[in-house]
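The values are calculated or read from the model by the stated rules, or taken from the named source; none is laboratory data. Just so it is clear, the structure is predicted and the values come from calculations on it, not from any experiment. Note: ideal-geometry Cβ built from the backbone for every residue, glycine included; neighbour counts use all protein chains shown.
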Amino acid sequence: MNQQLIEFIRDIYRTNEFIPLHAPTFAGNERDYVLQTIESTFVSSVGKFVDQFEQQIQAYTGSTRAVATVNGTAALHAALYLAGVKHGDLVLTQALTFVATCNALYHLGAQPVFIDIERASLGLCPEAMSEWLTRNAEIDDSGQCRHKASGAVIKAAMPMHTFGHPAKLDELITVCEQWHLALIEDAAESLGSFYKGQHTGTFGQFGALSFNGNKVITTGGGGMLLCRSEAEGEHAKHVTTTAKRPHPYEFFHDEPGFNYRLPNINAALGCAQLEVLPAMLANKRQLATHYARFFCNSDYVFVEEPDYASSNYWLNALICPEKRSRDELLKATNDQGVMTRPVWTLMHRLPMFTEALRGDLTNSEWLEARLVNLPSSPTETFNA
Ligand SMILES: *Cc1c(COP(=O)(O)O)cnc(C)c1O
């Protein structure tokens, strides 16, 4: 199997060189737009590409307001702050995620509560969340959800759309409403992924996108905060800059600002990348179809989009029959220059989160031992 897989992947990418997991392509207007920022001297925190990038992401995702940030972690940090997450609060999230999800909580002094994921979508499981809350939470007289044992406020739930596959949003929203929790979507991996026709990251009070170099499209480093209302969007813009009250010359700042602004030079790259996003997504979908066909008569399960969703297939994922075959696959492919990766170490095993509360994590642990990511770069480059 492993040798056939390596040949199959080499065939797809038509190369004997090293094949990375996900590499960006710049064959459109990237050079032109970046050069424009240099020639205009507007490379920094203001410029036309920042406004244009925000507007284009807003239009593409159907978000009420999109606010560009310096990276996806910054967008998450600001989202949690804006949703009112405070020191000592608890936020329900996944143990199977990239560490940035939890780092954003850590820096607010909030604590994650790790809830299991669903095997089909790899996203936060609404039933597991409901079960943990029923056992451990209550709503106090002021309508606040609290952890019964400690009295801590349970402020929000933060599902992550793993590898671009949308989580079960309708059901998650129902549980959030029942327990008075804010919903914040870590949509860092899911630009171009739609849940029942609506873009991921636009269901919650806030959503966060990432444009890091390994994501579907890149700005070098960058992120976007998707906001559900105009008022929240205004506030997001205010705090992600310097929280300065508008005035022709006086400096007055009315709350602590993050200065998480995306530089214009990065936004220029983003505007060019957005022009080729549809072609890129079509190509990635085709690649996923090839993988699905390759594995269809084997005991390996290729992860396909949930039936309610259209995924961007950011990182292709495979579930091996057991840990041993997973380990063999990782070794054979990486030894031969075809990059594959195990899924992230579960968050509750990391030193900074070992003390965090958690529910049953059967599915997360099962997948941790079996899941690998396969090379997922687009197989062509795209012109605007
Ligand atoms: C990439 C990613 C982030 C953070 O994005 P950066 O732009 O690298 O800060 C957050 N959460 C998840 C799940 C990610 O994959």
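Exactly one residue out of K168, K148, K155 is closer than 30 Å to P256 by Cβ, of a type in the set (K, R) and in contact (Cβ under 8 Å) with a residue 12 or more places away in the chain: that is K155. Looking at segment 79-98, is at least one residue under 23 Å from L350 (Cα atoms), assigned to a loop (DSSP other than H, G, I, E, B), out of contact with any Pro (no Cβ under 6 Å at 6 or more places or on another chain) and among the small types (G, A, S)? Yes, segment 79-98 has at least one match. Restricting attention to segment 59-78, the residues that are under 17 Å from the mean Cα position of the chain (by Cα) and not in a loop (DSSP other than H, G, I, E, B) total 13.
Restricting to segment 302-328, give me the number of residues that are of a type in the set (A, V, I, L, M), over 22 Å from T379 (Cα atoms) and touching a helix residue (DSSP H, G or I) at 6+ places or on another chain (Cβ under 7 Å). Residues meeting the conditions: 1.
Do we have any residue at all in segment 229-250 that's in a loop (DSSP other than H, G, I, E, B), more than 14 Å from the ligand (Cβ to nearest atom) and acidic (D, E)?
Taking segment 229-250 as the starting set, the residues that turn out to be in a loop (DSSP other than H, G, I, E, B) are 229, 241-243, 245-250.
Add one more test, that the residue is more than 14 Å from the ligand (Cβ to nearest atom), and what stays is 229, 241-243, 245-250.
Filter once more, so that each one left must be acidic (D, E): 250.
Yes: segment 229-250 contains one or more residues that are in a loop (DSSP other than H, G, I, E, B), more than 14 Å from the ligand (Cβ to nearest atom) and acidic (D, E).
Given the structure, is M224 over 30 Å from V301 (Cβ atoms), in contact with a strand residue (DSSP E or B) (Cβ under 6 Å, 6 or more places away or on another chain), modelled with pLDDT of 95 or more and within 16 Å of the ligand (Cβ to nearest atom)? Criteria met by M224. Taking segment 24-42 as the range and being in contact (Cβ under 8 Å) with a residue 24 or more places away in the chain, loosely packed, with under 15 Cβ neighbours inside 10 Å and outside any helix (DSSP H, G or I) as the test, only A27 passes.
Quick check on D11: is it without any contact (Cβ under 8 Å) to a residue 12 or more places away in the chain, away from the ligand (no atom under 16 Å from the Cβ) and in a helix (DSSP H, G or I)? Don't jump to the end; show me each part of the working.
Numbers: without any contact (Cβ under 8 Å) to a residue 12 or more places away in the chain: yes; away from the ligand (no atom under 16 Å from the Cβ): yes; in a helix (DSSP H, G or I): yes.
Criteria met by D11.
Looking across segment 104-148 at every residue that is among the basic types (K, R) and closer than 30 Å to I319 by Cβ, the one that is modelled with the lowest pLDDT is identified as R119.
Applying the criterion of being surrounded by fewer than 24 Cβ atoms within 10 Å (Cβ to Cβ) and within 19 Å of N103 (Cα to Cα) to the residues of segment 164-195, the residue that is nearest to the ligand (Cβ to nearest atom) is L183.
Note on segment 149-188: residues that are part of a loop (DSSP other than H, G, I, E, B) and more than 22 Å from V70 (Cα to Cα) amount to 11.
Consider S377 carefully, then state whether it is under 28 Å from E7 (Cβ atoms) and within 24 Å of the chain's Cα centre (by Cα). Spelling it out, S377 is indeed under 28 Å from E7 (Cβ atoms) and within 24 Å of the chain's Cα centre (by Cα).
Within segment 83-105, can you find the residues that are within 15 Å of the ligand (Cβ to nearest atom) and under 18 Å from G207 (Cα atoms)?
V91, T93, Q94, T97, F98, V99, A100, T101, C102, N103, A104, L105
A residue that is farther than 26 Å from Y81 by Cα and more than 13 Å from the chain's Cα centre (by Cα) occurs somewhere in segment 226-248. Of the residues making up segment 189-203, those that are assigned to a loop (DSSP other than H, G, I, E, B) and either closer than 13 Å to M158 by Cβ or out of contact with any Lys or Arg (no Cβ under 8 Å at 6 or more places or on another chain) (or both) are S190, G192, S193, K196, G197, T200, G201, F203.
Of all residues in segment 56-82, those satisfying the criterion of being over 19 Å from V34 (Cβ atoms) and away from the ligand (no atom under 16 Å from the Cβ) are Q58, A59, Y60, T61, G62, S63, T64, R65, L82.
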